[in-house]
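Read through the structure below, which is laid out as structure tokens, and then see the notes.
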Amino acid sequence: IKFRPRFAFYCDGEGVNLKDAVGRIATRMVTPYPPGIPILVPGQIVSKEIVSALQTYNEYGVEIHGLHENQIKVMTEKEEKELPSEIFVQTKLSGKLKASLVASDQKLRYKKVEGGIKISVPQKIRASLAKQEAVAIKLVN
């Protein structure tokens, strides 16, 4: 797993052919059914072994949730570069928002996405996030 599943799941991503997905980061679960156990989860690097297994399942006519017209959804290259610098905040707040760090009242840039906002994280607090330390962010309408 390269990124936390939650972060990868909320990326816009792009559909790529299964054979071209090796080395890319999945944004959705890919689950052969039966048995119904995910072979890929969001944030996981797609390996050649996973692609081979999915191709075999496909050849045998196994239903594969998350594989559509032989394509899976992966992060775009831009998202892979930007994800470490963004966090997703689920919110029902609408209209114009103000996002800032609670500790310093430093204003943060953000963009609205489905279900919430993505906040750009300044370089100096990325280390705290990488260590999974808490960072308080204030959202105000």
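FYI, it's all coordinate maths here, none of it is from the lab. In this text the structure is predicted, and so the values were computed from the model without any measurement. Ideal geometry is used to build each Cβ from the backbone, glycine not excepted, and the neighbour counts take in all protein chains shown.
For the stretch 1-58, take every pair of Cα atoms, bin their distances at 10 Å starting from 0, and report each bin as a whole percent.
Result, from short to long distances: 25, 57, 19 percent.
Run the reach check for K138 against lysines, Cα to Cα strictly under 29 Å, same-chain hits fewer than 8 apart removed. What comes back?
K2, K78, K81, K92, K96, K98, K107, K111, K112, K118, K124
Enumerate the calculated ³J(HN,Hα) couplings along the stretch 17-22 in order (Karplus 6.51 cos²θ - 1.76 cosθ + 1.60, θ = phi - 60°), each rounded to whole Hz, writing x wherever the residue is Gly or Pro.
Ordered by residue, 3J(HN,Hα) equals 4, 3, 5, 8, 8, 4 Hz.
So between T56 and E82, what do we pick up on full extension, going 0.36 nm a residue minus the alpha carbon distance?
Stretched fully, the T56-E82 segment lengthens by 6.0 nm.
If you take the beta carbon distance between S120 and R4 as r and set R0 to 25 Å, what does 1/(1 + (r/R0)^6) give as a FRET efficiency, to the nearest 0.05?
That gives a FRET efficiency of 0.90.
Show the residues, 5+ positions off or on another chain, whose built amide H is closer than 5 Å to the amide H of Y110.
HN-HN under 5 Å from Y110: S120.
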